[in-house]
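Structure first, then comments.
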């Protein structure tokens, strides 16, 4: 990536907006202001939550703090 990073803006969890992803999930963006080539935040998913196939024009960093997750790439074997 050749995007120049001028200033990294990081939010504290208690100050981050809550984005509703439906009845089983919500997301709090921490590094995600649109000026950075990377995004991360805190997403809480209840058992049974499934994200639809999608893509991002940025790198998304995921850390699983509790439980487990399955992820796959379109066109690749799961």
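The values are calculated or read from the model by the stated rules, or taken from the named source; none is laboratory data. If you're wondering where the values come from, they're calculated on a predicted model, not measured in any experiment. Note that we place each Cβ from the backbone using ideal geometry, even for glycine, and neighbour counts take in every protein chain shown.
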Inspect segment 51-60 for any residue being at pLDDT 90 or above, within 16 Å of residue 9 (Cα to Cα) and in contact with a strand residue (DSSP E or B) (Cβ under 6 Å, 6 or more places away or on another chain) and give the result as yes or no. no
Hey, any hits in segment 50-60 for a residue that's surrounded by 11 or more Cβ atoms within 10 Å (Cβ to Cβ) and part of a loop (DSSP other than H, G, I, E, B)? yes
Restricting the search to segment 32-50, which residues are at pLDDT 90 or above and either in contact with a helix residue (DSSP H, G or I) (Cβ under 8 Å, 6 or more places away or on another chain) or over 22 Å from residue 14 (Cβ atoms) (or both)? 42, 47, 48, 49, 50
Assigned to a loop (DSSP other than H, G, I, E, B), over 10 Å from the mean Cα position of the chain (by Cα), more than 24 Å from residue 12 (Cβ to Cβ) and touching a residue at least 24 places away in the same chain (Cβ under 8 Å): is that true of residue 75 in this structure? no
